[in-house]
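Asker: Mind having a look at this structure? Questions to follow.
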Amino acid sequence: MDAQITTVRGSNQSGMRAHNERLVLSLIRQMGPQPKAEIARRTKLSAQTVSVIMRALEADGLLEKGTPVRGKVGQPSIPMSLVADGAYFLGLKVGRRSLELILTDFIGTVVTRIWHPHSFPTPDRVVEFTRTGIATIFDELSSAQRDRVAGLGIALPFRIWDWANTLETAGDELDAWRDRDIAGDITAFCEFPVYLQNDASAACGAELVFGDQDKSAEFLYFFIGYFVGGGLVMDNALYTGPTGNAAALGSIPVTDQNGSPRQLVDVASLAELEHALNASGQSGADIWTSPNSWDISDRFVEDWTTSAAQGLAKAIASATCVIDFECVMIDGWMPSVVRHSLVRKVAEQLEINRIAGIDVPEMREGTIGSDARALGAASLPLSNRFLVDSKAILKG
């Protein structure tokens, strides 16, 4: 989301046409297909201005007419909707156990994906994977489709060198990240803009852009992968802070089941489940084969969700004391049945350990799933090129 756009209503001044086009596209993305009259009503733009904008967006291949809807009187209204192939966006997820490059269309549907497992990420591997991945994807596109690729977003865990012990690597193997400008390296061979964001914040951004639109205007977000991270939404906008690392929820101090001081990352990450499986003689790598189904004993899943829920509940209680969240969302690399169980257990822990003077927030499951980081990366060029802040859209 473009933090520089703070205007709530559209402007009829010719110099604001780019903003008004973004406003229209954002409204249709959030509300679904809309007729011109409804767009004019919600944006407070004149009917003539809306007609000019819609014609321009239709000519650019970003909007298309739907089936006319006939009412009781007057002319039928014609809803305008987004064109799937109006634009394309690349999203790169740099994960602790894998790399993933996706191409999405204007609707947010994943058109192509390339996935590569690894023990841990290095800058050189990421750059080469991205270079060859883009070439592979572009080979499958027509010339017209390639021209409509609007940018590449990168979802990257910030300060990854701090987690060498958890990743079970030598510190010097991750030190290369300290002074590496990964976005600059990738920009050098791209003919389109490149954007960078913390991976958990990117996942939160995917929920904001592509997820269900009935969420609270303020919510806390957790994404659970190899590590657990978070995102923060205030007034319908993603807040990343001055360093881009706001809502670093994995670092929140909690206690484990024995009462020993730990960080949330030590009790609520899938790394803990992997370690438990490896210690039992099973392969912890099995949980990374697919996020949709795990071929592991229910006992390990039950133990992990119980421990993770207790840590998450403590972190949520602490965060709620600072900001009065109405809602907390949890998503991650896990089967939906596991996510459902985890969210239920967190809600139970919050009720059992209520803090005096604090309202318990609503617990909800994320609606994107395991693709949240990669889709969040792809949403960066989409948001920067075509959308306004969610808070700039009137709820008329």
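Asker: At 25 °C and 0.890 mPa s, grab the translational diffusion coefficient of region 113-235 from Stokes-Einstein with a Kirkwood Rh over Cα pairs, rounded to a whole number in µm² per second.
Answerer: Rounded to a whole number, D works out at 148 µm²/s.
Asker: Karplus couplings for region 332-340 from phi (6.51 cos²θ - 1.76 cosθ + 1.60, θ = phi - 60°), rounded to Hz, Gly and Pro as x?
Answerer: For region 332-340, the Karplus curve yields x, 7, 6, x, 4, 5, 6, 4, 4 Hz.
Asker: Out of all DSSP beta bridges in the chain, what portion is antiparallel? Express it as a percent rounded to 5.
Answerer: About 60 percent, rounded to the nearest 5.
Asker: Now, a different point. Run the numbers on region 14-82 and let me know its relative contact order in percent, using alpha-carbon pairs under 8 Å that are six or more apart.
Answerer: Value for region 14-82: 35 percent.
Asker: Also: Apply the Karplus curve 6.51 cos²θ - 1.76 cosθ + 1.60, θ = phi - 60°, to the phi angles in region 350-367 and return the couplings in whole Hz, x for Gly and Pro.
Answerer: The phi angles translate into 5, 6, 5, 10, 4, 9, 4, x, 10, 7, 6, x, 5, 9, 9, 7, x, 10 Hz.
Asker: So what is the relative contact order for the chain, in percent, with contacts set as C-alpha pairs under 8 Å and at least six apart?
Answerer: 21
Asker: Let me ask another. Between region 76-99 and region 33-52, what is the separation of their alpha carbon centroids in Å?
Answerer: 24
Asker: Here's another thing I want to ask about it. Long-range amide H contacts for Val111: which residues qualify at under 5 Å (H placed 1.01 Å from N, peptide plane, sequence gap of 5 or more or a different chain)?
Answerer: Under 5 Å from the amide H of Val111: Leu103, Thr104, Asp105.
Asker: Additional query: If one computes P(r) from the Cα atoms of region 28-142, what percent of pairs lie at distances over 16 Å?
Answerer: Cα-Cα pairs in region 28-142 separated by more than 16 Å: 69 percent.
Asker: Sticking with this structure for a sec: Expected output is a single nm value to one decimal: the length gained when fully extending between Arg125 and Ser143, i.e. 0.36 nm times separation in residues minus the C-alpha distance. What is it?
Answerer: Stretched fully, the Arg125-Ser143 segment lengthens by 3.7 nm.
Asker: Can you give the percent of C-alpha pairs in region 213-367 whose distance is more than 26 Å?
Answerer: 24
Asker: Still on this structure, please answer the following. Under a 5 Å amide H to amide H cut-off, with H placed in plane at 1.01 Å, what residues pair with Glu326 once short-range neighbours are removed?
Answerer: Glu218
Asker: Hey, another quick one. Could you tell me the center-to-center distance, by alpha carbons, between region 125-153 and region 358-387 in angstrom?
Answerer: Their Cα centres are 23 Å away from one another.
Asker: Sticking with this structure for a sec: Kirkwood hydrodynamic radius (Cα pairs, Å) of region 14-82?
Answerer: Evaluated over region 14-82, this radius sits at 12.2 Å.
Asker: Where in region 268-348 are there GluC sites (Glu not before Pro) that are in a DSSP coil and have at most 14 other Cβ atoms within 10 angstrom of their Cβ?
Answerer: Sites meeting the loop and neighbour criteria: Glu326.
Asker: If you don't mind, there's one more thing I want to ask. How many lysine pairs in the chain, separated by 8 or more positions in sequence or lying on different chains, have Cα atoms less than 27 Å apart?
Answerer: 21
Asker: Okay, next question. Express the relative contact order of region 213-367 as a whole percentage, based on alpha carbon pairs under 8 Å and six or more residues apart in sequence.
Answerer: Result for region 213-367 is 24 percent.
Bear in mind these aren't lab numbers, they're just calculated from the coordinates by the rules spelled out. Please read all numbers here as calculations on a predicted model, not as lab measurements. Positions of Cβ are generated from backbone atoms using ideal geometry, with glycine treated the same way; all protein chains shown enter the neighbour counts.
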